[in-house]
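What follows is one structure encoded as structure tokens, with my remarks underneath.
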Amino acid sequence: MKRVLLFALIFISLSCSKDEEIKKDPNIIEITTGLDLVDVMGNVTGRIGNPNTYTKKNTVIMYPIPTNNFLSIKSTSNIKNVWIVKATVNKEFLNIDYPSILNTKSYSPDQIKEKSIKSFEALNKSSLEVNLSSYPEGHYRIFVELNNGDIYWNNTYTGSIKGSVFDIDFWK
């Protein structure tokens, strides 16, 4: 009986620590705090929430966001790796100034790869189409590593979109 109780306490402790970690650290790889809405031409047309993304105009472009089929990734430099990380929505960090704390070295390739559900590696090309149509509806973070080692990322949502993108219940 004591062993069962001890096991239960350890399990609960470990479960709570991950939830607590996500609530305390705005840099957790698998959280998303918003979306930049990007049309099929790569133009940012709006914003939902406070996206914890790191992009640089005319360096790496991902579109359309949100998507229910293909996500296009284009870069002015060659792309080395692309990783897809399943994300959890988090409202805790809506007041964080992400541009002041995020940069191309915020996450290492090993950290991202460990959390990724899909990777495209050793690409050495400037564009890629990622088919997200078979992915479960939900939120994802797309990380792109260039040949020079810089890493950029964006958040996306995939699933059926009825009406306007603003009809997405982002926070569910």
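How high is the relative contact order of segment 42-152, in percent, counting Cα pairs under 8 Å that sit 6 or more residues apart?
40
Each peptide in 35-47, 93-105, 73-85 gets a packing score, the mean of other Cβ atoms within 10 Å over its residues, and the list from highest to lowest is 73-85, 35-47, 93-105.
This model, with +1 at the C-beta of Lys and Arg and -1 at the C-beta of Asp and Glu, gives segment 15-134 a dipole about its Cα centre of some 300 debye.
With 0.36 nm allotted per residue and the present C-alpha distance subtracted, the Asn68-Ile96 stretch has 7.2 nm of extension available. With a threshold of 31 Å on the Cα-Cα distance, the over-threshold entries among Lys80/Lys162; Lys57/Lys113; Lys91/Lys125; Lys57/Lys162; Lys56/Lys118; Lys56/Lys115 are Lys80/Lys162; Lys91/Lys125. Using C-alpha pairs below 8 Å separated by at least 6 residues, the relative contact order for segment 90-158 is 29 percent. Extension gain for Asn147 to Asn27 (0.36 nm times residue separation, less C-alpha to C-alpha distance): 40.8 nm.
Taking label positions 7 Å along the Cα-Cβ direction at both Asn131 and Thr45, the computed distance is 2.5 nm, reported to one decimal. A simple packing score, the average count of other Cβ atoms within 10 Å per residue, orders the peptides 52-62, 123-133 as 52-62, 123-133, with the highest score first.
Overall, the anisotropy analysis places segment 41-148 in the rounded class: the square-rooted eigenvalues a ≥ b ≥ c of its C-alpha gyration tensor yield a/c less than 1.5. Farthest towards the positive end of the charge dipole of segment 30-165, among the residues Ile84, Val130, Gly34, is the Cα of Val130, using unit charges on the Cβ of Lys, Arg, Asp and Glu.
Taken together, the values in this text are just the output of simple stated rules run on the coordinates, not laboratory data. The model shown is predicted, which means the values in this text are computed figures rather than measured ones. Cβ sites come from the backbone with ideal geometry, for glycine too, and all protein chains shown count toward neighbours.
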